[in-house]
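Novice: Got a structure here, written out as structure tokens. Questions coming.
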Amino acid sequence: MTKAALRHGVLHHTGDSDPAERSHIDLMSWVITGLRHRQSRRALGEYHTPPDISDLISAMLAADRRPQADAFLEPTAGTGGMVRSAAQDLRREGQDPSDFPWVMLELDPLSAAGAAVNVHVWGLGPRAVAASGDVLADGDLDQQARAHRRDMARHRDLLVELIGFAIATRTSDQLLRSLLAQQPNAHRRTDDRPTGAT
């Protein structure tokens, strides 16, 4: 599958260093929709919003966007097509989408996973969250998702700190061993001295 994706130009859509260039389409939407059987899509009621429509909706809502808002929230995100459009609008306005928090919630776990991939492809930044759950049954799912992201970030930071300590300890041990190896008599105990030594 990877070879097929590369052969058919996936890097044309995802390989640019500029996130704006990687955000022209929602590739994950096409991949997930294309891999599902037609009956599965119908049973799920899964119909992703075409990019032109999400671009139009985003442009119409642009006047209502509030950058000082707590977060950009999409409660039925799919793979994030509406978020992609809003992020591109921000870029056209000279703003960086990674400066804002994004929360994408989706009932279908596979689509939510696609949204998580898109967070990175589209350069939405470290405060972006993609989560799977039922927003109707769980009214504070967005808060839970953001709290989970904060917990995971703290856990990651702790691991990085522990790894840094382990590397520093190992490096110190290696330096000490190296010094002792260069001076073979420096580590001998006093009682190892020959008789009559002062």
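What follows is calculated from the coordinates using simple rules that are stated; it is not laboratory data. Because the structure is predicted, anything quoted here is derived from the model rather than measured. Note that each Cβ is placed from the backbone with ideal geometry, even for glycine, and that neighbours are counted across all protein chains shown.
Novice: Check residue 73: other-chain or 5+ apart residues with amide H under 5 Å from its amide H, H built from backbone geometry?
Specialist: Those lying under 5 Å, H to H, from residue 73 are 103.
Novice: Still on this model: What ranking, highest mean first, results for peptides 166-173, 48-55 when packing means the other Cβ atoms within 10 Å averaged over each residue?
Specialist: Numbers: 166-173: 10.0, 48-55: 16.0.
Highest-to-lowest ranking by the protection proxy: 48-55, 166-173.
Novice: Let me see the pair-distance distribution of segment 66-119: every alpha carbon pair, 5 Å bin width, integer percents in order.
Specialist: 5, 22, 30, 24, 14, 5, 1
Novice: Across segment 10-15, in residue order, what do the Karplus-derived ³J(HN,Hα) couplings come to in whole Hz, using 6.51 cos²θ - 1.76 cosθ + 1.60 with θ = phi - 60° and x for Gly and Pro?
Specialist: Listing the rounded values in order: 4, 5, 4, 9, 10, x Hz.
Novice: List every residue whose amide H lies under 5 Å from the amide H of residue 130, counting only residues 5 or more places away in sequence or on a different chain, with H placed 1.01 Å from N in the peptide plane.
Specialist: Distant-sequence amide H within range of residue 130: 104.
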